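I have placed the structure first, in the form of structure tokens, so that the comments after it can refer back to it.
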Amino acid sequence: MIRENWYVVLDSKELKSAPLGVLRLGERLVFWREATGKPVCHVDKCAHRGASLAIGKVLSNDRIQCPFHGLEYDPSGRCTKIPANSAAAPVPDGFKLCSYATHEAHGFIWIWWGEGSPKGGPDFFEDIGPEMAYSTVQDHWDNHYSRVIENQLDMAHLPFVHHNTIGRGNRTVVDGPGLFSVKDGFFVYVYNRLDDGSPRRESSEVPVPNPDRDFKLEFRFPNLWQNYIGKKIRVVGAFVPIDEVRTILYLRFYQSFTQLPLVKELVLALGARMNIFVAHQDRVVVNTQLPKSSGEGKGELLFPGDAALMEYRKMRIEAKKRLR
């Protein structure tokens, strides 16, 4: 996990009016909403005795109250009241929580997992507008979040893991894949084909970008991915680190080809069901990968068809260097 980045950590629907305690990025965090609805995030550890604020309550004056001794904290994490000292007593400066900046948009909640305030907000996929309805499923994986991301950038596994779903056709040869870099990410153009005995084409030999090809993948660092199936159908994944060996995959099916209420709900339900079925085909294998950590520098033997994985690992290495 790499600091100084915006990470998707929650679906907006999960955070209601009460405090929500979760384990994310290896830390125990508490989320709550101000009266305006803005999400707030702190490390879930009261400055007094380390109790969890997640089992406390949100007060009407935009304060979260510790359930142990009633200490109150404002959205910045500053303690504003210690009942045992009386309301007249000033609060010592050291009574404050570690807090993270938040951003809420497109039905997701991000945190800036770093020091201070970021210069700007996180990016999302510009080509997904409000006309696209979506359904969301959550899935728990027993491996590092980078392993789950790499699985979605792996072209060679399709005819084997997904032989009866998205990998039908036995297209075992991976031409390319084609890579096209954008700000904080890249597109992947898939050119898998049947093995007819001819040599595979290198990434430099396949058309990129290809305006005649709707289907492509898009990755946004550090943990967002889009399967661009067509102008009116997408699949989006947010790969949320719980800790070093566990991940929550938020998987969304987007569509805009029908707006009829009952038909739309049926399509979204079927899309969600298909998403989770395909994801579980992957999960069975990815959960067995060793080591249960990021793969870069761990002695794996890669081949040219792994170009998208290599590009992702390069981004991780460069992000780590910037922190030094």
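The values are calculated or read from the model by the stated rules, or taken from the named source; none is laboratory data. Since this is a predicted model, take the numbers as computed values, not measurements. In this analysis, Cβ positions are derived from the backbone assuming ideal geometry, glycine residues included, and neighbour counts consider all displayed protein chains.
Every residue in region 48-90 that is closer than 20 Å to THR102 by Cβ and either of a type in the set (Phe, Trp, Tyr) or in a loop (DSSP other than H, G, I, E, B) (or both), please.
Once the filter is applied, which keeps residues that are closer than 20 Å to THR102 by Cβ and either of a type in the set (Phe, Trp, Tyr) or in a loop (DSSP other than H, G, I, E, B) (or both), region 48-90 yields SER52, GLY56, ASN61, ASP62, TYR73, ASP74, PRO75, SER76, GLY77.
Does region 289-299 include one or more residues that are crowded, with 20+ Cβ neighbours inside 10 Å, out of contact with any Lys or Arg (no Cβ under 6 Å at 6 or more places or on another chain) and not in a helix (DSSP H, G or I)? Write out each step before concluding.
Let us first name the residues in region 289-299 that are crowded, with 20+ Cβ neighbours inside 10 Å, namely 294.
Cutting the leftovers down to out of contact with any Lys or Arg (no Cβ under 6 Å at 6 or more places or on another chain) gives us 294.
Going one step further and asking which of them are not in a helix (DSSP H, G or I), we end up with 294.
Yes - at least one qualifying residue is present in region 289-299.
Of everything in region 112-136 that's in contact with a Leu (Cβ under 8 Å, 6 or more places away or on another chain) and assigned to a strand (DSSP E or B), which residue is farthest from PRO241 (Cα to Cα)?
So, considering only residues that are in contact with a Leu (Cβ under 8 Å, 6 or more places away or on another chain) and assigned to a strand (DSSP E or B), the one farthest from PRO241 (Cα to Cα) is ALA133.
Tell me which residues, restricted to region 272-286, are surrounded by 15 or more Cβ atoms within 10 Å (Cβ to Cβ) and either of a type in the set (Lys, Arg) or in contact with a Lys or Arg (Cβ under 9 Å, 6 or more places away or on another chain) (or both). Let's see the steps before the verdict.
Of all residues in region 272-286, those surrounded by 15 or more Cβ atoms within 10 Å (Cβ to Cβ) come to 272, 275-276, 278-279, 281-283, 286.
Scanning region 272-286 gives ALA272, ASN275, ARG283, VAL286.
Given the structure, is ASN164 closer than 23 Å to ARG234 by Cα and free of Cβ contacts under 8 Å to residues at least 60 places away in the same chain? Don't jump to the end; show me each part of the working.
Details: closer than 23 Å to ARG234 by Cα: yes; free of Cβ contacts under 8 Å to residues at least 60 places away in the same chain: yes.
Judged against the criteria, ASN164 is a match.
I'm told ARG324 meets every condition in (1) without any contact (Cβ under 8 Å) to a residue 12 or more places away in the chain; (2) surrounded by 12 or more Cβ atoms within 10 Å (Cβ to Cβ); (3) not in a helix (DSSP H, G or I) except one. Can you identify the failing condition by its number?
For ARG324, the exception is condition (2).
Answer yes or no: is there a residue in region 18-26 that is closer than 30 Å to LYS292 by Cα, surrounded by fewer than 17 Cβ atoms within 10 Å (Cβ to Cβ) and among the hydrophobic types (A, V, I, L, M, F, W, C). Break it down into steps so the answer makes sense when it comes.
From region 18-26, those closer than 30 Å to LYS292 by Cα are 20-26; that's our starting set.
Next, only the ones that are surrounded by fewer than 17 Cβ atoms within 10 Å (Cβ to Cβ) stay: 21, 23, 26.
With the extra rule that they be among the hydrophobic types (A, V, I, L, M, F, W, C), the set shrinks to 23.
Scanning region 18-26 turns up at least one residue that is closer than 30 Å to LYS292 by Cα, surrounded by fewer than 17 Cβ atoms within 10 Å (Cβ to Cβ) and among the hydrophobic types (A, V, I, L, M, F, W, C).
Residue by residue, here is whether (1) in contact (Cβ under 8 Å) with a residue 12 or more places away in the chain; (2) farther than 26 Å from ARG313 by Cβ; (3) crowded, with 18+ Cβ neighbours inside 10 Å holds:
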{"position": "THR102", "(1), (2), (3)": "yes, yes, yes"}
{"position": "TRP110", "(1), (2), (3)": "yes, no, yes"}
{"position": "ASP123", "(1), (2), (3)": "yes, no, no"}
{"position": "THR136", "(1), (2), (3)": "yes, yes, yes"}
{"position": "SER146", "(1), (2), (3)": "yes, no, yes"}
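Please find, among PRO159, PRO209, the residue that is modelled with pLDDT under 95 and either assigned by TED's automatic domain parsing to the domain that holds MET274 or out of contact with any strand residue (DSSP E or B) (no Cβ under 9 Å at 6 or more places or on another chain) (or both).
PRO209
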